[in-house]
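Some notes on the structure that comes next.
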Amino acid sequence: MAKYDEIFTESIEHPEKFWADAAEGIDWYQKWDTVVDDSNPPFYRWFTGGLMNTCYNAVDRHVEAGRGDQTAFIHDSPVTDSITKVTYKELQEKVALLAGALQSIGVTKGDTVIIYMPMILEAAYAMLACARLGAVHSVVFGGFAANELAIRINHAEPKVIMTASGAIEGTKILAYKPIVDEAIDIADHKIEKCVVYQRPFVTSDMQEGRDIDWNDFVNGAQPADCVPVAATDPLYILYTSGTTGMPKGVIRDNGGHAVALHWSMKAIYDIDTGDVWWSASDVGWVVGHSYIVYGPLLKGATSVFYEGKPIGTPDAGAFWRLISEHGVKSLFTAPTAFRAIKKEDPDGIFISKYDISCFECLYLAGERLDPDTYYWASNLLKVPVIDHWWQTETGWAIVANCRGVEELPVKAGSPSKSVPGYNVMVLDDEGNEVGANTEGNIVVKLPLPPGTLPTLWKNDKRYIDSYMSTFPGYYETSDGGYIDEDGYVYVMGRMDDVINIAGHRLSTGAMEEVIATHPDIAECAVFGTEDQLKGQLPVGLFVLKSGVDRDVEEIQTELVKLVREKIGAIACFRESRPVIRLPKTRSGKILRGTMRSIAAGKDYRIPSTIDDPTIIDEITETLNNMGYPPK
Ligand code: COA
Ligand code: AMP
C-alpha cells in the first residue's frame, strides 16, 4: 500500500492510536486519560485529562533543548524599511515579561484578551503571552471597523485589549487607536485596560487610568512562568463570518491544536525543526494563527513575519526578495497574492533578479486556486505548487497533498486528497453519499480530528445548528464539490452566503444588515460576483422605500460609506443598483443563488416556489447593465 493510503487508513480506522502517536511530538505536564472523549456527540474532546502549555511547547522547550540561539521570527517590513530577527531565547524573554505584565493587571487563566494589531511581532508576543497564562486571546483583523470590533468585545468580554497606534497598509498610514477607542465606547461590555504599542509614524491619545503604554507595561514587569492548562481548555477564540451580522466565535483548544499543528508541519508542509518557513498572511486570520505563529514555533522552525503586500511594497518582486534574502524553504499564501503579482509582472521579470534556489514549494489556500494561476505559478517557479483546502473552523487543512507523507501527482483544480484524520465525503441534500464525480455537499464524518473546533464560544446551539444538524453524524463544511474516481476532492465554492474576497472570508448577510439600516432602503440583497484579482466581490441590489426620490448616486455613495464604516474597508463593497423588487420565493426568501448565477453567466433553474417569475428578466437586465456576466 502506498504511504499516504496506509497513513490515511490508519488515521480513520485507529484514530486513538494515530493521534496518541502524534501527541508524542508535544511535551505534556501530565499525559491524557482518553485520546478522544466521544461520550457526548457531536461534542468531541481530545486528550482529556492531559495537562500542557502551548507557549511552553512553542517557545520554552526549544530553548531548553539548546536551540535558544536559533531565529524564531524574522520580521520583514518593507513599509517601515526594517528587518528584525528574534531568537527563541529572546522570544522567551519578551513573552515571559509581557505575560508577567498581564498578570500584574489581573489577567489569569480563563480570562479573555482581545488583540487588534497590525503585522508587528508584538502581536505574536501578545498571543503567546496569553497562551503562557492560560488566558484566551481573540485576535481581530485590523481591517475591521469599530462596529465589528465592538461586536467581538461584547461577545468575548475581554478584560484587556492590546493594540498598536497604527499600521502602514501598502503606502497608507492608518491609525488603529481611534478605532479601538470608538469600539470601546460603543460596546456594552466595559474593558479594564488597553495596552497600546506606539509606532513612531502615528501616535495615539491615551485615556488616563485605562490606557497603558506597551513599553511602560513591560518595563519592570516580572517574567511569568507557563501555567499548566487542560488539553481541552480554550487557547483562543477566532471570530469568522457566518451568514448573519453576528460572526461565529470559533474556539481552539490547547492540546489537540498543538498536536495537530505540530504533526501538520512535517506531514503537510514537509517542514523540519530549523527550516525557514513563510506564511504571507495576517495574524488576524486563521492562517496567521496556525502558520505564522503556532505551527512553525511548535515545530521549532523559523517563521518569516511579513508586514507588506505582494505588490507595491515596493514592487512585484517583494516575494522573491524575501525568499532569497531569508533562505525561505516554503511559502504559504492565498492565490490572490499570486494573481496580483501576475497582473503586475506577467512575464515574471522580477524573479530573475533574485536567487531563489533555496525555495522548494509553494502552498496556496484560502480560496479556489484557478488553473490559470496554478499554471502560471508552476511555470514561473518550477517547484511544486500545492493547493490545499481548509477553514477557520478546522484550523488546519482538510484536503491537501501531504508532501511530508508522500507527494501525490497534482491534478489542477483539486487540492488533492483528504488529510489523514478527515474522513471527507460528498452527500446529496437528503444525506446520501453520492458516487464519484457527482457534485454535492462536502462533509466530514465525525469525529473531526484534533485541532478542529470543539464548539463555538458561548454558543453550543449555534455550533449544532450551523455544522451538525443538516447531516447528523457529519460536519457540514458549507462548501460544495465532488470527489473523483481517484479520491481527489474538488471544492467548487460556498453553498451559503459567505463570500471570499482576496482570501478573506466575509458575510453578505452582514453587509445586507448594514445596508438595511440606511433610512431610504426598503430591502436589499448582497451576493458575490466573480473578480479576476480578488476571486469574488460583493454586489448589492436594493429596493428604495416608496416616496424616496433622492439622487440614486448619492444613496449608492452613502451605502459604500456605511459598509466601510460598519464592517470595514476589507469588505470591498463598491457596487450597488436600485431595482423595483427582488426575486423571492412565495415564503419571502430572497433568491440570492439565482442572482449569483445570473451574474456569473451560469445555468440556473428558476425555483418552482418563485413568487413572480417575470422579475428574473428585470434582474438580468440590471445585472447586464452593470456588466454581469463579464464578457
Ligand atoms: N488594516 C486596515 N485596513 C486594511 C488591512 C489591515 N490589516 N488590510 C486591508 N485593509 C484595507 C485596504 O487598505 C483596502 O482599503 P481601501 O479600500 O481603502 O484601499 C481594503 O482593506 C481592501 O484591502 P485588500 O483586499 O487587501 O486590497 P488591496 O487592493 O489593498 O490589495 C491584494 C490587494 C491582492 C494585494 C491583497 O488583498 C493581498 O495581498 N491579498 C493576499 C491575501 C491574503 O494574504 N489572504 C490571507 C488569507 S491566506
Ligand atoms: P476561511 O475560514 O476564511 O479560511 O475561509 C474558508 C473558506 O474558504 C472555505 O469554506 C472555502 O470556501 C474557501 N477555501 C479555502 N481554501 C480553499 C481552497 N483551497 N479551494 C477552494 N476554496 C477554498
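The values are calculated or read from the model by the stated rules, or taken from the named source; none is laboratory data. Please read all numbers here as calculations on a predicted model, not as lab measurements. Heads up, the Cβs are rebuilt from the backbone with ideal geometry, glycines too, and the neighbour counts pull from every protein chain shown. Accessible surface is based on the protein model in full, side chains and every heavy atom, while ligands, DNA and RNA are left aside. Shrake-Rupley method; radii C 1.70, N 1.55, O 1.52, S 1.80 Å.
So if I check each of Glu325, Glu307, Glu367, which one is under 24 Å from Thr80 (Cβ atoms) and within 16 Å of ligand 1 (Cβ to nearest atom)? Full working, then the answer.
Working: Glu325 fails: within 16 Å of ligand 1 (Cβ to nearest atom); Glu367 fails: under 24 Å from Thr80 (Cβ atoms).
Going through Glu325, Glu307, Glu367 in turn, just one is under 24 Å from Thr80 (Cβ atoms) and within 16 Å of ligand 1 (Cβ to nearest atom): Glu307.
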Within the bounds of the range 268-282, is there any residue that is within 11 Å of ligand 1 (Cβ to nearest atom) and either in a helix (DSSP H, G or I) or at pLDDT below 95 (or both)? no
Which of the residues belonging to the range 471-495 are within 13 Å of ligand 2 (Cβ to nearest atom), open to solvent by 30 Å² or more (accessible area, probe 1.4 Å) and in a loop (DSSP other than H, G, I, E, B)? Met495
Report, ordered by the first and then the second residue, all pairs with beta carbons closer than 7 Å, sequence separation of six or more or different chains, a first member in the range 377-391 that is under 12 Å from Pro335 (Cβ atoms), and a second member that is within 14 Å of ligand 1 (Cβ to nearest atom) and of a type in the set (Lys, Arg). none
Go through the range 125-148 and give me each residue that's more than 15 Å from ligand 1 (Cβ to nearest atom) and touching a strand residue (DSSP E or B) at 6+ places or on another chain (Cβ under 7 Å). Ala126, Met127, Cys130, Ala131, Gly134, Ala135, Val136, His137, Ser138
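Residues being in a strand (DSSP E or B) and open to solvent by 10 Å² or more (accessible area, probe 1.4 Å): count how many of those fall in the range 152-203. Steps first, please.
Going residue by residue through the range 152-203, those that are in a strand (DSSP E or B) are 160-164, 166-169, 172-175, 193-197, 199, 202.
Going one step further and asking which of them are open to solvent by 10 Å² or more (accessible area, probe 1.4 Å), we end up with 168-169, 172-175, 193, 197, 199, 202.
The qualifying residues number 10.
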Name the residues in the range 539-552 that are of a type in the set (Val, Ile, Thr) and either open to solvent by 70 Å² or more (accessible area, probe 1.4 Å) or farther than 23 Å from Glu148 by Cα (or both), would you? Val543, Val548, Val552
Of all residues in the range 553-576, which are over 16 Å from Ala146 (Cα atoms) and within 16 Å of ligand 2 (Cβ to nearest atom)? Cys572
Considering only the range 361-388, how many residues are among the charged types (D, E, K, R) and open to solvent by 80 Å² or more (accessible area, probe 1.4 Å)? 3
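Can you give me the number of residues within the range 70-89 that are within 23 Å of Thr273 (Cβ to Cβ) and among the polar types (S, T, N, Q)?
Going residue by residue through the range 70-89, those that are within 23 Å of Thr273 (Cβ to Cβ) are 70-76, 83-89.
Now narrow it down to the ones that are among the polar types (S, T, N, Q): 70-71, 84, 87.
Of the residues in that region, 4 qualify.
Just to be sure before I move on: is Gly540 within 16 Å of ligand 2 (Cβ to nearest atom) and touching a residue at least 12 places away in the same chain (Cβ under 8 Å) in the structure I sent?
Details: within 16 Å of ligand 2 (Cβ to nearest atom): no; touching a residue at least 12 places away in the same chain (Cβ under 8 Å): yes.
So Gly540 fails the test.
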Which residue out of Gly249, Gly300 is away from ligand 1 (no atom under 15 Å from the Cβ), of a type outside the set (D, E, K, R), modelled with pLDDT of 95 or more and under 13 Å from the mean Cα position of the chain (by Cα)? Gly249
Report, ordered by the first and then the second residue, all pairs with beta carbons closer than 7 Å, sequence separation of six or more or different chains, a first member in the range 490-515 that is within 21 Å of Ile555 (Cβ to Cβ), and a second member that is outside any strand (DSSP E or B) and near ligand 2 (Cβ under 9 Å from one of its atoms). Ala510/Ser241
Select from the range 132-151 the residues that are outside any helix (DSSP H, G or I) and within 16 Å of ligand 2 (Cβ to nearest atom) and list them in ascending order. Ser138, Val139, Val140, Phe141, Gly142, Gly143, Phe144
Tally, over the range 553-568, of residues that are open to solvent by less than 90 Å² (accessible area, probe 1.4 Å) and closer than 20 Å to Arg505 by Cβ: 4
For Asp428, indicate whether it is in contact (Cβ under 8 Å) with a residue 12 or more places away in the chain and either in the same structural domain as Arg152 (by TED's automatic domain parsing) or of a type in the set (Asp, Glu) (or both). yes
Within the range 305-342, track down each residue that is under 23 Å from Glu122 (Cα atoms) and within 16 Å of ligand 2 (Cβ to nearest atom). Leu331, Phe332, Thr333
Residues (within 9 Å of ligand 2 (Cβ to nearest atom) and either of a type in the set (Asp, Glu) or open to solvent by 20 Å² or more (accessible area, probe 1.4 Å) (or both)) located in the range 497-514: Asn500, Gly503, His504, Arg505
Within the range 420-471, can you find the residues that are farther than 28 Å from Ala267 by Cα and small (Gly, Ala, Ser)? Gly431, Gly435, Gly440, Ser466, Ser469
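Evaluate the range 270-281: report whether one residue or more is of a type in the set (Ser, Thr, Tyr), more than 16 Å from ligand 2 (Cβ to nearest atom), open to solvent by 30 Å² or more (accessible area, probe 1.4 Å) and touching a residue at least 24 places away in the same chain (Cβ under 8 Å).
From the range 270-281, those of a type in the set (Ser, Thr, Tyr) are 273, 279, 281; that's our starting set.
Next, from what is left, pick out any that are more than 16 Å from ligand 2 (Cβ to nearest atom): 273.
Still in the running and open to solvent by 30 Å² or more (accessible area, probe 1.4 Å): 273.
With touching a residue at least 24 places away in the same chain (Cβ under 8 Å) added as a condition, the list becomes 273.
Yes, some residue in the range 270-281 is of a type in the set (Ser, Thr, Tyr), more than 16 Å from ligand 2 (Cβ to nearest atom), open to solvent by 30 Å² or more (accessible area, probe 1.4 Å) and touching a residue at least 24 places away in the same chain (Cβ under 8 Å).
Which ranges mark the strands (runs of 3 or more DSSP E) fully within the range 496-565 that have 2 or more residues being under 30 Å from Leu238 (Cα atoms) and away from ligand 1 (no atom under 12 Å from the Cβ)?
Working: elements: 498-501, 504-507, 521-531, 535-544.
Those strands (runs of 3 or more DSSP E) span 498-501, 521-531, 535-544.
Listed here are the residues, each with its yes/no results for (1) in contact (Cβ under 8 Å) with a residue 60 or more places away in the chain; (2) at negative phi; (3) of a type in the set (A, V, I, L, M, F, W, C).
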residue: Asp21; (1), (2), (3): no, yes, no
residue: Gly25; (1), (2), (3): yes, yes, no
residue: Thr34; (1), (2), (3): no, yes, no
residue: Pro42; (1), (2), (3): yes, yes, no
residue: Gly50; (1), (2), (3): yes, yes, no
residue: Ser77; (1), (2), (3): yes, yes, no
residue: Asp81; (1), (2), (3): no, no, no
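Condition check ((1) assigned to a loop (DSSP other than H, G, I, E, B); (2) open to solvent by less than 40 Å² (accessible area, probe 1.4 Å); (3) hydroxyl-bearing (Ser, Thr, Tyr)) across all residues:
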position: Ala23; (1), (2), (3): no, yes, no
position: Asp76; (1), (2), (3): no, yes, no
position: Thr80; (1), (2), (3): yes, no, yes
position: Thr84; (1), (2), (3): no, no, yes
